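A.B. asks: The structure's right below; bear with me while I get my questions together.
The values are calculated or read from the model by the stated rules, or taken from the named source; none is laboratory data. Treat the numbers as computed from the prediction; the structure is a model and nothing was measured. Positions of Cβ are generated from backbone atoms using ideal geometry, with glycine treated the same way; all protein chains shown enter the neighbour counts.
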Amino acid sequence: MKIVLSRKGFDSSNGGVPSPVLSDGTALSLPIPAREGPKRFRDVRWRGGSLGPLVEDLTGGRVPAEYRCHLDPDLQISALSRRPGWRPAFGQHRVAQRHLEGQGVGRGDLFLFFGLFRAAEQASGGTWQFVRNARSVHRLFGWLQVAEVVRVGADTVGARAVRPWLSDHPHVNGDSWTATNTVYTATRALSIGGRESRARGGGIFSRAERRLRLTAPEARGCSYWRLPGWFLPSDGPPTLSYHGKKTWQRDGPWAYVESARPGQEFVFNADGIPEADAWLHALFDGR
């Protein structure tokens with residue numbers, strides 16, 4: 001199995017602010033703004049209402065509720081009204097998709113989505129704001145195990161006709177996609193090392209727990225990561241894509257590295273590493 005650490009959601013370049021970790025511990029990844037997105041922020045459901053007001057509050061009105069968004073990865077059935085047969089899906093194109101293809105990412109491989117997060121709270125008037133002096137960190141927020149790789153290309157109309165349950169996904173809408181445009185759909189259930197987990201094939205982690213954090217606890221910046229030690233082989237160079245020439249450090253059970261920027265998809269081949277399977281089972285069994 002290949003593990004793909006996939007960067008998604010709001011940050012300084014997309015949206016201008018981190019995604020929030022709410023006072024109850026919920027890590028809410030915000031879909032990035034997009035002029036051609038098929039949905040608007042106000043269309044995305046959240047806690048029985050709309051995601052739009054929260055986005056407006058956290059961005060100081062720079063991203064209004066009426067603005068279109070790119071809901072991708074699309075991991076929660078409750079986010080929109082769904083067609084029969086809906087499953088989680090994720091789209092990619094251009095350089096990032098060519099990288100995934102070059103790394104051989106396909107059926108059975110696992111995307112672990114991460115993003116930039118910061119603690120947020122509601123002020124006395126009910127508006128949302130970031131907690132003063134709270135740090136921004138990288139953390140995992142969701143996953144998708146690949147069932148099918150759909151080569152959409154520019155034929156979004158054809159893709160919607162064949163898979164109507166995908167009709168709301170941004171990568172099967174619009175007319176500006178190139179031949180690289182691809183959608184990854186989720187398995188029904190998650191399987192790790194030939195053993196099924198209790199988790200579905202795609203979804204979100206419900207809480208911003210310590211085990212989901214990538215940023216090292218002692219790091220000054222969000223991009224300095226602490227990963228399980230098996231990411232750094234003892235008998236060869238690092239194999240996490242885009243990180244082979246980075247300076248890694250090993251300290252006990254951990255491996256430390258400054259994450260590559262501005263990359264989106266970092267691929268690690270976990271075949272033959274039983275510690276990776278054990279880590280993944282613990283990650284999902286405790287979700």
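A.B. asks: Output the residues belonging to the range 208-238 that are at pLDDT below 95 and within 19 Å of the chain's Cα centre (by Cα).
C.D. replies: 208, 209, 210, 211
A.B. asks: Let me ask something else. Quick check: is even one residue across the range 221-233 part of a helix (DSSP H, G or I), in contact with a Phe, Trp or Tyr (Cβ under 9 Å, 6 or more places away or on another chain) and of a type in the set (Phe, Trp, Tyr)? Outline the logic, then answer.
C.D. replies: As a first pass, look at the range 221-233 and keep what is part of a helix (DSSP H, G or I): 229-231.
Then drop every residue that is not in contact with a Phe, Trp or Tyr (Cβ under 9 Å, 6 or more places away or on another chain), which leaves 229-231.
From the residues that got through so far, the ones that are of a type in the set (Phe, Trp, Tyr) too are 230-231.
Taking every residue of the range 221-233 in turn, at least one turns out to be part of a helix (DSSP H, G or I), in contact with a Phe, Trp or Tyr (Cβ under 9 Å, 6 or more places away or on another chain) and of a type in the set (Phe, Trp, Tyr).
A.B. asks: Also, quick follow-up: Collect the residues in the range 104-120 that are surrounded by 15 or more Cβ atoms within 10 Å (Cβ to Cβ) and out of contact with any helix residue (DSSP H, G or I) (no Cβ under 8 Å at 6 or more places or on another chain), keeping them in residue-number order.
C.D. replies: 105, 109, 111, 112, 113, 114, 115, 116, 117, 118, 119
A.B. asks: Here is a further query. So, in the range 241-279, of the ones that are closer than 22 Å to residue 197 by Cα and surrounded by fewer than 12 Cβ atoms within 10 Å (Cβ to Cβ), which residue ends up modelled with the lowest pLDDT? Give the derivation first.
C.D. replies: So the first thing to find is which residues in the range 241-279 are closer than 22 Å to residue 197 by Cα, and the list is 267-279.
Checking which are surrounded by fewer than 12 Cβ atoms within 10 Å (Cβ to Cβ) leaves us with 271-272, 274.
Details: 271: 95, 272: 92, 274: 95.
So the residue we want is 272.
A.B. asks: Is it true that some residue in the range 55-68 is out of contact with any strand residue (DSSP E or B) (no Cβ under 7 Å at 6 or more places or on another chain), modelled with pLDDT of 95 or more, of a type in the set (Gly, Ala, Ser) and over 20 Å from residue 141 (Cβ atoms)? Give the steps one after another, and end with the answer.
C.D. replies: Of the residues in the range 55-68, the ones out of contact with any strand residue (DSSP E or B) (no Cβ under 7 Å at 6 or more places or on another chain) are 55-56, 60-62, 64.
Filter once more, so that each one left must be modelled with pLDDT of 95 or more: 55-56, 60-62, 64.
If we keep only those that are of a type in the set (Gly, Ala, Ser) too, we end up with 60-61.
Filter once more, keeping what is over 20 Å from residue 141 (Cβ atoms): 60-61.
Yes, the range 55-68 has at least one match.
Residue by residue, here is whether (1) at pLDDT 95 or above; (2) buried (at least 19 other Cβ atoms within 10 Å of the Cβ); (3) touching a strand residue (DSSP E or B) at 6+ places or on another chain (Cβ under 7 Å) holds:
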| residue | (1), (2), (3) |
| --- | --- |
| 130 | yes, no, yes |
| 134 | yes, no, yes |
| 140 | yes, yes, yes |
| 143 | yes, yes, yes |
| 162 | yes, no, no |
| 165 | yes, no, no |
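Matching residues to (1) farther than 21 Å from residue 184 by Cβ; (2) touching a His at 6+ places or on another chain (Cβ under 9 Å); (3) not aromatic (Phe, Trp, Tyr):
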site: 5; (1), (2), (3): no, no, yes
site: 12; (1), (2), (3): yes, no, yes
site: 24; (1), (2), (3): yes, no, yes
site: 31; (1), (2), (3): no, yes, yes
site: 42; (1), (2), (3): yes, no, yes
site: 46; (1), (2), (3): yes, no, no
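A.B. asks: In the range 183-197, how many residues are under 17 Å from residue 276 (Cα atoms) and in a strand (DSSP E or B)? So that I can check it myself, show each step before the final result.
C.D. replies: The initial filter retains those residues of the range 183-197 that are under 17 Å from residue 276 (Cα atoms), namely 190-197.
Then keep just the ones that are in a strand (DSSP E or B); that gives 190-192, 195-197.
Residues meeting the conditions: 6.
A.B. asks: Inside the range 169-182, can you point out the residues that are more than 16 Å from the chain's Cα centre (by Cα), assigned to a loop (DSSP other than H, G, I, E, B) and either more than 13 Å from residue 38 (Cβ to Cβ) or modelled with pLDDT of 95 or more (or both)?
C.D. replies: 173, 177, 178, 179, 180, 181
A.B. asks: For the range 9-58: of the residues being among the polar types (S, T, N, Q) and either in contact with a helix residue (DSSP H, G or I) (Cβ under 7 Å, 6 or more places away or on another chain) or within 19 Å of residue 74 (Cβ to Cβ) (or both), which is surrounded by the most Cβ atoms within 10 Å (Cβ to Cβ)? Steps first, please.
C.D. replies: Step one: filter the range 9-58 for residues among the polar types (S, T, N, Q), giving 12-14, 19, 23, 26, 29, 50.
Remaining after also requiring either in contact with a helix residue (DSSP H, G or I) (Cβ under 7 Å, 6 or more places away or on another chain) or within 19 Å of residue 74 (Cβ to Cβ) (or both): 14, 19, 26, 29, 50.
Numbers: 14: 19, 19: 23, 26: 16, 29: 25, 50: 16.
Here the residue is 29.
A.B. asks: For the range 188-197, does any single residue satisfy the condition of being touching a Leu at 6+ places or on another chain (Cβ under 7 Å) and within 20 Å of residue 97 (Cα to Cα)?
C.D. replies: Among the residues of the range 188-197, not one is touching a Leu at 6+ places or on another chain (Cβ under 7 Å) and within 20 Å of residue 97 (Cα to Cα), which makes the answer no.
A.B. asks: Here's a check for you: in the range 253-271, which residue that is among the charged types (D, E, K, R) and part of a loop (DSSP other than H, G, I, E, B) is farthest from the chain's Cα centre (by Cα)?
C.D. replies: To start, the set of residues in the range 253-271 that are among the charged types (D, E, K, R) comprises 258, 261, 265, 271.
Next, only the ones that are part of a loop (DSSP other than H, G, I, E, B) stay: 261, 271.
Working: 261: 16, 271: 22 Å.
Ranking the qualifying residues of the range 253-271, first place goes to 271.
A.B. asks: Can you list residue pairs whose Cβ atoms sit under 9 Å apart, with the first residue in the range 248-262 being on the phi > 0 side of the Ramachandran plot and acidic (Asp, Glu) and the second being surrounded by fewer than 17 Cβ atoms within 10 Å (Cβ to Cβ) and part of a loop (DSSP other than H, G, I, E, B)? Count only pairs 6 or more apart in sequence or on different chains.
C.D. replies: Sorted first by the residue in the range 248-262, then by its partner, the list stays empty.
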